[in-house]
Amino acid sequence: MLETTNVLITGANRGIGLEFVKYYLAQGANVIACCRHPSEAHELVTIKREQPDKLAIQTLDVADPESIEQAAMKLANLSIDILINNAGVYGPKGYSFGDVEADVWQQVLQVNTIAPLLVSQAFLPHLKAGKLKVLACITSKMGSMADNGSGGSYIYRSSKAGLNAVVKSMAIDLAAHQIKVVALHPGWVKTQMGGSNALITTEQSVCGMTQVIDKLDNETSGLMINFDGTAIPW
Ligand code: NDP
């Protein structure tokens, strides 16, 4: 059980993020569920009613650097054991070679690539104060060069490839603080983003990824790891 463990999750109002909330609450952890619009996060509000002492809901729009700073300041006295940069967007579909637009690309980069670094920077003092010192970023194997056999998806692929580079550098830079950093591929998951044809449920995905988090050590820090525990080549 994780009674004294504090877990912060971004994009926690639905999909994989919400499943992380449920999983860690079931383990007895204290969860800080971050989302853009708490008043519209109905599932989180219902859970909070049932477990008011274990769940805190924090406003956080990861695309807005000011919102990130405000959340970090609001939680200034809190130590964080596990920080999960989960919030992500796919961006509009149908942009193939020849019609990619810069502004659309920039919006996706802001959420998927830039925000995880800004959130990690803002919450570094909280992580340093925590016991477990785990920083997990939810990536996608669509960001893997080695896995790209079909081309296309320029915007999403490049945003997650960029995130992978961020993870690798943070793993090196934060090792001095004993912070372990990992890029987790959740599998193809039935969520709004993954769609109904996806292969696994949020429960299966989170069950696997949390096992990876549990086992994270200096050897596995700085890797991209699938929800089933296998390493994925960059
Ligand atoms: P969903 O679309 O179901 O959920 C995305 C979450 O991210 C929502 O909570 C959403 O909040 C949040 N979010 C988006 N933009 C912001 C923002 N600016 N600030 C704060 N929160 C934001 O997707 P998944 O649960 O499937 O995805 C979770 C992560 O897993 C993502 O990083 C995704 O790239 C990754 N992933 C998913 C796969 C899949 O098959 N599902 C496969 C590979 C990777 P809101 O409701 O406010 O929009």
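Each value in this text was obtained by applying a stated rule to the coordinates, not by laboratory testing. Source: prediction; values computed, not measured. Cβ sites come from the backbone with ideal geometry, for glycine too, and all protein chains shown count toward neighbours.
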How many of the residues in segment 81-104 are part of a loop (DSSP other than H, G, I, E, B) and either in contact with a strand residue (DSSP E or B) (Cβ under 8 Å, 6 or more places away or on another chain) or small (Gly, Ala, Ser) (or both)? 8
Subset of segment 202-220 that is under 20 Å from residue 181 (Cβ atoms) and acidic (Asp, Glu) - its residue that is surrounded by the most Cβ atoms within 10 Å (Cβ to Cβ): 214
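Restricting attention to segment 63-90, report how many residues are near the ligand (Cβ under 10 Å from one of its atoms) and either surrounded by fewer than 20 Cβ atoms within 10 Å (Cβ to Cβ) or small (Gly, Ala, Ser) (or both).
7
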Being under 24 Å from residue 166 (Cβ atoms), in contact with a Pro (Cβ under 9 Å, 6 or more places away or on another chain) and within 11 Å of the ligand (Cβ to nearest atom) is the filter here; which residues of segment 192-219 pass it? 194, 205, 206, 209
Selection over segment 39-62 where residues are within 12 Å of the ligand (Cβ to nearest atom) and without any contact (Cβ under 8 Å) to a residue 12 or more places away in the chain yields a count of 2
Restricting to segment 95-108, count the residues that are hydroxyl-bearing (Ser, Thr, Tyr) and surrounded by 17 or more Cβ atoms within 10 Å (Cβ to Cβ). 1
Residues of segment 220-234 being over 16 Å from residue 160 (Cβ atoms) and among the β-branched types (Val, Ile, Thr), in sequence order, are 220, 230
Residue list for segment 37-53, restricted to those being out of contact with any helix residue (DSSP H, G or I) (no Cβ under 8 Å at 6 or more places or on another chain) and part of a loop (DSSP other than H, G, I, E, B): 37, 41, 52, 53
Could you check residue 36 against (1) more than 10 Å from the ligand (Cβ to nearest atom); (2) surrounded by 12 or more Cβ atoms within 10 Å (Cβ to Cβ); (3) more than 14 Å from the chain's Cα centre (by Cα) and say which number it fails? (1)
State all residues of segment 1-29 that are more than 15 Å from the ligand (Cβ to nearest atom), touching an Asp or Glu at 6+ places or on another chain (Cβ under 8 Å) and not aliphatic (A, V, I, L, M); if no residue qualifies, say none. 5, 6, 28
On the given criteria, is residue 79 among the small types (Gly, Ala, Ser), in contact (Cβ under 8 Å) with a residue 40 or more places away in the chain, out of contact with any Asp or Glu (no Cβ under 9 Å at 6 or more places or on another chain) and within 27 Å of residue 153 (Cβ to Cβ)? no
Any chance segment 156-177 includes a residue that's surrounded by 18 or more Cβ atoms within 10 Å (Cβ to Cβ), assigned to a helix (DSSP H, G or I), aliphatic (A, V, I, L, M) and within 9 Å of the ligand (Cβ to nearest atom)? yes
A careful count of residues in segment 109-147 that are more than 14 Å from the ligand (Cβ to nearest atom), surrounded by fewer than 18 Cβ atoms within 10 Å (Cβ to Cβ) and either assigned to a loop (DSSP other than H, G, I, E, B) or among the charged types (D, E, K, R) (or both) gives 4
Report, by residue number, each residue of segment 194-234 that is closer than 23 Å to residue 146 by Cα, among the β-branched types (Val, Ile, Thr) and part of a helix (DSSP H, G or I). 212
